[in-house]
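Reading through the structure tokens given below for one structure.
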Amino acid sequence: MTGRTGARRLAAVAVAAAAVLAVAPAPGPGALADGGRAPRQRPDVAPLRVLDQDVTVAAEGVFAITVGLPADLDATTLGTDGRPAAVVVTSHRRATTRDEVADALAGDATEVEDRVELSLAPDAVVPVGRPGPDRLSVSLATEIVDRVAVALQLADQGVHPVTVELVVDDETVASVTTFVSRGPAASDPVAGDLSVGLLLGEVGPVEIGPDGGVAAGGRARAALDELAAALEAIEAAAADTGRDLADVPRGVALRPPTLAAIAASDPAFAQRMAELLDGAEVLSSPRLPLDAGAAVAAGQAELYTRWLREGEDELAAALPTSRVDRALHVAGDAADAAGLALARDLGTRLLVVPEALYLQTPENIGGYTVPTQFVGVNLPDGTSMPATIIDRRFAEHLASTPDDPLREAVAIAAELLVLRDQVRAMGLSVNRHGLLLARDDAGAPDPQLLQQLVGVLLSTEGLRVVEPSDLAATVQTFVFDGREFDVTLPEVAPVDLSGRFETVATVGGEYLATVSMLPPDAPERSAWGRVLDALPSTALTDGQVEQMVAELRASFAVYLRGVLGPEPFSFTLTGDSRPISFELTNTTDTPLRVRVRMTSVKLDFPDSDRIIELPPGARTAVQMRAELVTNGTSSVFLDVLTPATDTVVVPRVTLTGSAYALTGLGQLLTGAGLLVVCTWWLRNWRRARRRRQADAVVPRHPARSASPAVDAETGAGVEAGAARTGTLPPS
């Protein structure tokens, strides 16, 4: 019925589609016969909204559609208020390119193939349904050749634009163009199904606060709310098509720290997210944002690997019925080749690259790229890995908030089916082609659009919805000029984290020193550890890191400077050993542990490096046992350190010690020396005593008068008078 300008009134025909197909056409009064004029187009034509429609129709089946009317029209009075009114359905030639689909959406459809007019008069042969005052429904038989008047011709297998117009007083007052995919006739070839993956996610920023915690509100919560709304739309679409949510393939990008923060503040919401992600493929992600390329450049690939594993564990624990998978890695709007190589080595099988990034590669071939096949991305080691390009046109669809979400969803399906038909026309295997539907930023589409799109994708013949990771196993790499097509992504200087990691190492030592002073259950241990652990994250700027480090060190100083030692003093040690007493004061409100060390060249301290418990806000008496090594006066150094390191808590206190007693061998030698001295002194005392006694008796000795006496010891002469006095002492 090519060129038909309207439907012909049948003289006698049953309402049922089968009866319509069996009756020969006969023009009736008021019908637009072949060659008749089309209704005039008003410049202010209002849009009709597509409320219900099947995308695929059989070669000889039924096209059914329900449209919503503009607000100033009432379906119950149309055609009954004295003004002639009709619904005109126009089919257009098959669209063979995506541009033709886009042109039809813009109001410039392909050549008219058939036009059928359905009167809204009460006595219409083929009535138009009026399910409500704001809507009309049409059900038309389809045919592949011009046989029946009230049937819509769709001559070729494939996607056809179809325009539905509301005509009042011979003027088009409202219209809409949608698409139908006519299935194969008996003689038509049967094509395979095009694989379609769906990726959406939470793309709000991960907001790390000064305490190292992730914010659960603000933009982060808004992004999660958007994702939850999109997932609820998928749940509704599954219910509409009679499927369990777990059976609807979809990939979801979700950051572990945001989900964990929400779970802590709103457990009910977290539980709802787990239900909405039942059966979903959740993309692996580090437990805190960390750019893989930045980690490699800083020599921290091991840290990235550990964070990725820990992030997977957190996701798996929070989403027990989801599958956490490393197969996909979203490159974003920039990607470092070394980071991509690390992702490949850790299990990534497919990169997700926005079209804008692909177009920056020197090898790109623009619109000649086949969107349903992969391209290879060159890596530094001379190998390549496959990448799926996020198609710009589909990304724009998914980023929109359409007034007519079902029509937008049908248009997306129409473009997918046109791509499938192009693959088939080139003689390629449709089963080895596929693509990923996603926004450029992999964010969550508008919920109303997504609900309609998922319903259309699940119910449209020729399209097969698959897990995004399944594309890596089924889709081929594009072959161009006889070889697999590889591209080199633009060089991107990764964020320089080398200085930051040096700072983290230094502050980490200060952290270990300080926490060793605190009780095992001190809340500061975990609080400081959370801040220190977050510092490498590329979600933080260098300025934020500097501020967090400054606050950490200020907190450390409260305890590292919270102990007071004694003033310098002197002491004397006169025995083998004795304790040296002093006081330490804990000025904080937390029990602290310190290590006390005393050193001297002339004293030994057996209990040095002793751990002392200091109650909060109190003085503590400390005694350190000292033993003499040698006599004399020397400096004694008192050091108060942290238990785990030699970090100074109290500046060194210098004491003065005097020692006057020895122990051990030194005591023995000293005692022997004293004995010798005493023996010498006693001998000399006895000799002097005898001399005095002798001097007293010599003058009275009898021999004094006869001859000089001779001293027995000295041999010296003695005066005679002394000898005569006798030898006995006076009585």
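The values are calculated or read from the model by the stated rules, or taken from the named source; none is laboratory data. Just so it is clear, the structure is predicted and the values come from calculations on it, not from any experiment. Note that we place each Cβ from the backbone using ideal geometry, even for glycine, and neighbour counts take in every protein chain shown.
Here are the numbers for this structure:
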{"read-out": "Test: residue in region 496-519 that is of a type in the set (Val, Ile, Thr), out of contact with any strand residue (DSSP E or B) (no Cβ under 8 Å at 6 or more places or on another chain) and in a strand (DSSP E or B)", "value": "no"}
{"read-out": "Residues of region 582-611 satisfying the condition of being among the aliphatic types (A, V, I, L, M), more than 17 Å from Val653 (Cα to Cα) and surrounded by fewer than 18 Cβ atoms within 10 Å (Cβ to Cβ)", "value": "Ile611"}
{"read-out": "Exclusive hit being surrounded by 23 or more Cβ atoms within 10 Å (Cβ to Cβ) and either among the β-branched types (Val, Ile, Thr) or touching a residue at least 12 places away in the same chain (Cβ under 8 Å) (or both), set Leu259, Leu245", "value": "Leu259"}
{"read-out": "Any hit, region 262-284, residues being under 14 Å from the mean Cα position of the chain (by Cα), of a type in the set (Gly, Ala, Ser), within 30 Å of Ala505 (Cα to Cα) and assigned to a helix (DSSP H, G or I)", "value": "no"}
{"read-out": "Checklist (1) in contact (Cβ under 8 Å) with a residue 60 or more places away in the chain; (2) at positive phi applied to Thr488, failing item", "value": "(2)"}
{"read-out": "One residue from Asp470, Asp421 being among the charged types (D, E, K, R), part of a helix (DSSP H, G or I) and buried (at least 20 other Cβ atoms within 10 Å of the Cβ)", "value": "Asp421"}
{"read-out": "Of residues in region 104-130 being within 30 Å of Met426 (Cβ to Cβ) and surrounded by 16 or more Cβ atoms within 10 Å (Cβ to Cβ), the one nearest to the chain's Cα centre (by Cα)", "value": "Leu105"}
{"read-out": "Scope region 173-195; condition more than 22 Å from Asp99 (Cα to Cα), touching a strand residue (DSSP E or B) at 6+ places or on another chain (Cβ under 9 Å) and part of a loop (DSSP other than H, G, I, E, B); matching residues", "value": "Gly192"}
{"read-out": "Answer from Arg439, Arg432 - the residue that is surrounded by fewer than 17 Cβ atoms within 10 Å (Cβ to Cβ) and basic (Lys, Arg)", "value": "Arg432"}
{"read-out": "Residue identified as buried (at least 19 other Cβ atoms within 10 Å of the Cβ) and in contact with a helix residue (DSSP H, G or I) (Cβ under 8 Å, 6 or more places away or on another chain) among Val377, Val353, Val330", "value": "Val377"}
{"read-out": "Failed condition for Pro184, given (1) under 30 Å from Gly347 (Cα atoms); (2) in contact (Cβ under 8 Å) with a residue 60 or more places away in the chain", "value": "(1)"}
{"read-out": "Gly382 vs. criteria in a loop (DSSP other than H, G, I, E, B), surrounded by fewer than 22 Cβ atoms within 10 Å (Cβ to Cβ) and in contact (Cβ under 8 Å) with a residue 24 or more places away in the chain", "value": "no"}
{"read-out": "Strands (runs of 3 or more DSSP E) contained entirely in region 588-651, each with at least 3 residues that are within 19 Å of Phe571 (Cβ to Cβ) and out of contact with any helix residue (DSSP H, G or I) (no Cβ under 7 Å at 6 or more places or on another chain)", "value": "592-599, 618-628, 632-641"}
{"read-out": "Odd one out for Ile580 among (1) in a strand (DSSP E or B); (2) of a type in the set (A, V, I, L, M, F, W, C); (3) within 23 Å of Thr645 (Cα to Cα)", "value": "(3)"}
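Per-residue answers, yes or no, for (1) part of a loop (DSSP other than H, G, I, E, B); (2) in the same structural domain as Leu69 (by TED's automatic domain parsing); (3) in contact (Cβ under 8 Å) with a residue 24 or more places away in the chain; (4) not hydrophobic (A, V, I, L, M, F, W, C):
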residue	(1), (2), (3), (4)
Arg83	yes, yes, yes, yes
Val87	no, yes, yes, no
Ala102	no, yes, yes, no
Pro122	yes, yes, yes, yes
Leu136	no, yes, yes, no
Leu152	no, yes, yes, no
His160	no, yes, yes, yes
Val164	no, yes, yes, no
